Amino acid sequence: SSNTGFETVDAVSLFFVVDDKGKGLFIINYDAQGGSGEGSNGNQNRAILDMTSTGLAGDENVTFLVYDDEGERKPWDTVTGSVTRATWNWANCCTDGAVLGY
């Protein structure tokens, strides 16, 4: 669980942050502890991310910087500036998410 205080039950919280060195971060936080888990997996929750950024096409430094399960992250496609089918699964007791950046 992220325990940041920014979690929202049964929702995704998205943050775009630029650090003091001008580097961009896309922070993804799914759910808060005690979510309803009303999805097709019973008490399991799932989110799938397909994202394209035309401004980052060609940038070889974009990657998932923070993640908790290896199978969730997918490689950044440098040519198209996209990530496809990054998938998160979590139970109601927990949260999930990642940080994509460069």
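Give the number of residues within the stretch 63-102 that are farther than 14 Å from Asp31 by Cβ, open to solvent by less than 70 Å² (accessible area, probe 1.4 Å) and assigned to a strand (DSSP E or B).
10
Just for the stretch 14-35: of the residues that are touching a residue at least 40 places away in the same chain (Cβ under 8 Å) and of a type in the set (Gly, Ala, Ser), which one is surrounded by the fewest Cβ atoms within 10 Å (Cβ to Cβ)?
Of everything passing the filter in the stretch 14-35, Gly34 is surrounded by the fewest Cβ atoms within 10 Å (Cβ to Cβ).
The values are calculated or read from the model by the stated rules, or taken from the named source; none is laboratory data. Only a predicted model underlies this, so the values are computations on that prediction, with no experimental measurement involved. Virtual Cβ from ideal backbone geometry, glycine too; neighbours counted across all protein chains shown. Side chains are part of the model used for accessible areas, which takes the heavy atoms of the whole protein and leaves out ligands, DNA and RNA. Shrake-Rupley method; radii C 1.70, N 1.55, O 1.52, S 1.80 Å.
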